[in-house]
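Q: What follows is a structure written as structure tokens; I'll ask about it next.
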Amino acid sequence: MEHREKIRIIDVGPRDGFQNVKPLIDTQTKLFIIEGLYQSGIRTMEVTSFVSPKAIPQMADAAEVAKAVIGRYKDLRAIALIPNLKGAQNAWNAGIREAACVISVSEAHNKANINRTVKESLDALEGIREALPDLEVHLDAATAFGCPFAGEVPKEAVLSLIGSAQQLGIRKVTLCDTIGVADPAQVKELLGEVTGRYPGLELTLHFHNTRGMGLANIFAAAEMGIRNFETSVGGLGGCPFAPGADGNTATEDTVHMLEKMGFDTGIDLAKLLGVVEYVDRHIDAPVTGKMLGVTNSACANISGRA
Ligand code: COA
Ligand code: ZN
């Protein structure tokens, strides 16, 4: 059998996707979608976030979701987003052992999102490392490609934030294009700098699709050797504290592209599209991924190859 290189897709729909949906989604519906994603072959998922329910009411059931997921799926990497020590402790108590600590590269967005300076957030990260040494913590570097308030984000600021996190023992970093302003040239440039300065890091990329650049950016990053991507079922998503942000790049479109490129995502696209269809019917947010519409159309069985 031909060997296909693996790419890891981390579906962040249950966190990034749901957090931006206004009407509260009941916990069973969330768990049903998570089950569908698991059955499609997704083995790494951001399942919820332990944030203030005043900031994000949709995530008030974080502990319930986390406990159910951890109880059900032994071979799923269930990641939770955390903003501070309280979130880390709550996540740990719910059984979470892998967390993404979100800190924005830009001061203005960190203030809007977490109500802290970047320095205060880094101090909180240090506190988390001390209080919970067995919790695997990643850095989610938000606004790494641009900020809704400050505009351009200097590469040096991205490198500096990563350096500070590395000093606290962080080995996994997600570069987040929180508002979807990145372009492939910028992606290659930033990745060149980051991998040059910090060769030992495990990098993940997270692109919102505001300008329709999500897949192009993933393509560029894959060409640069990145093998971990955060995407969202149906293309749901967006940060309520980042005005103008569109949803994440859709998992189904990403799987389609990467498999066509010869990568092995381990995800069954047909099964995944069943989940997208369910999301389309039951979640009050637009499905922006293209693949659901394609499979319902006359083009469904055309591969585009002679
Ligand atoms: N989970 C639940 N409750 C939390 C919490 C957490 N992680 N962190 C703080 N709180 C509670 C405090 O206990 C306190 O409760 P009280 O009013 O009953 O005493 C209250 O929230 C205020 O605490 P404070 O530390 O002053 O928080 P804040 O008002 O400065 O808000 C955050 C800071 C980080 C909690 C809040 O901005 C937040 O949750 N942001 C997340 C935003 C987000 O998820 N964005 C999208 C993903 S990137
Ligand atoms: Zn996001």
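The values are calculated or read from the model by the stated rules, or taken from the named source; none is laboratory data. Small disclaimer: the values here were computed from a predicted structure and weren't measured. Counting neighbours? That spans all protein chains shown, and the Cβs are built from the backbone with ideal geometry, glycine included. Please note that ligands, DNA and RNA were not included when accessible areas were found on the heavy atoms of the full protein model with its side chains. Shrake-Rupley method; radii C 1.70, N 1.55, O 1.52, S 1.80 Å.
Q: With the full set of protein chains in place, find how many percent of the accessible area of the chain is carbon and sulfur; take the probe as 1.4 Å.
A: C and S fraction of accessible area: 51 percent.
Q: With 10 Å bins from zero, work out the P(r) of the range 196-306 over every alpha carbon pair and list the percent per bin.
A: 13, 42, 34, 9, 2
Q: While we're on this one: I need the phi-derived Karplus couplings for the range 112-129: 6.51 cos²θ - 1.76 cosθ + 1.60, θ = phi - 60°, integer Hz, Gly and Pro marked x.
A: 5, 8, 10, 6, 9, 6, 4, 4, 5, 5, 5, 4, 5, 4, 4, x, 5, 4
Q: In straight Cα distance, which aspartates and glutamates are under 14 Å from K172, not counting same-chain residues fewer than 8 positions off?
A: E98, E136, D140, E202, E230
Q: Measure out, as a whole number of angstrom, how far apart the alpha-carbon centroids of the range 1-32 and the range 184-209 sit.
A: About 22 Å separates the Cα centre of the range 1-32 from the one of the range 184-209.
Q: Which one, S164, S40, S49, has the greatest fluctuation when you compute a Gaussian network model over the chain with C-alpha springs under 10 angstrom?
A: S164
Q: In whole angstrom, how far apart do the alpha carbon centroids of the range 219-287 and the range 68-99 sit?
A: If you average the Cα positions of each part, the centres end up 22 Å apart.
Q: Plugging the Kirkwood radius over Cα pairs into Stokes-Einstein for the range 1-73, at a temperature of 20 °C and a viscosity of 1.002 mPa s, what D comes out in µm²/s?
A: 163 µm²/s
Q: Counting helices only, and only those DSSP H runs with n ≥ 4, report the 222 nm mean residue ellipticity of the chain as the sum of -39,500 (n - 2.57) divided by its residues, in deg cm²/dmol to the nearest 500.
A: Using -39500 (n - 2.57) per qualifying helix, the result is -12000 deg cm²/dmol.
Q: Calculate, for the range 157-306, the solvent-accessible area per residue in square angstrom, rolling a 1.4 angstrom probe over the heavy atoms of the protein chains.
A: 42 Å²
Q: Work out the length of the dipole vector of the range 189-282 about its Cα centre, built from +1 on the beta-carbon of each Lys and Arg and -1 on the beta-carbon of each Asp and Glu, and round it to the nearest 20 debye. Walk me through the numbers before you get to the answer.
A: Numbers: 6 positive and 13 negative charges, 20 e Å.
I would put it at about 100 debye.
Q: What residue among T143, T117, T295 shows peak mean-square fluctuation when the chain is described by a Gaussian network model with Cα springs under 10 Å?
A: Looking only at T143, T117, T295, the biggest GNM fluctuation is shown by T295.
Q: Using a Gaussian network model on the chain with a 10 Å cutoff between Cα atoms, which of E259, E202, E189 fluctuates the most?
A: E189
Q: Say the cut-off is 30 Å between C-alpha atoms; which of K119/K188; K74/K271; K54/K188 go over it? Don't skip to the answer; put the middle values down first.
A: Working: K119/K188 28 Å; K74/K271 21 Å; K54/K188 38 Å.
From K119/K188; K74/K271; K54/K188, over 30 Å: K54/K188.
Q: Scan the range 176-269 for trypsin sites (Lys or Arg not before Pro) in coil per DSSP, keeping those whose Cβ has at most 12 other Cβ atoms within 10 Å, and list them by number.
A: Details: sites: K188, R197, R211, R227, K260; in loops: R211, R227.
The qualifying sites: there are none.
Q: With the contact rule set at Cα under 8 Å and sequence spacing of 6 or more, what percent relative contact order holds for the range 83-222?
A: 22 percent
Q: Next question. Taking every pair of alpha-carbon atoms in the chain, give the share separated by more than 28 Å as a whole percent.
A: Across the chain, Cα pairs with separations above 28 Å total 33 percent.
Q: Report relative contact order for the chain in percent, whole number only (criteria: Cα-Cα under 8 Å, sequence separation at least 6).
A: Working: 616 pairs, mean separation 62.3, N = 306.
The value is 20 percent.
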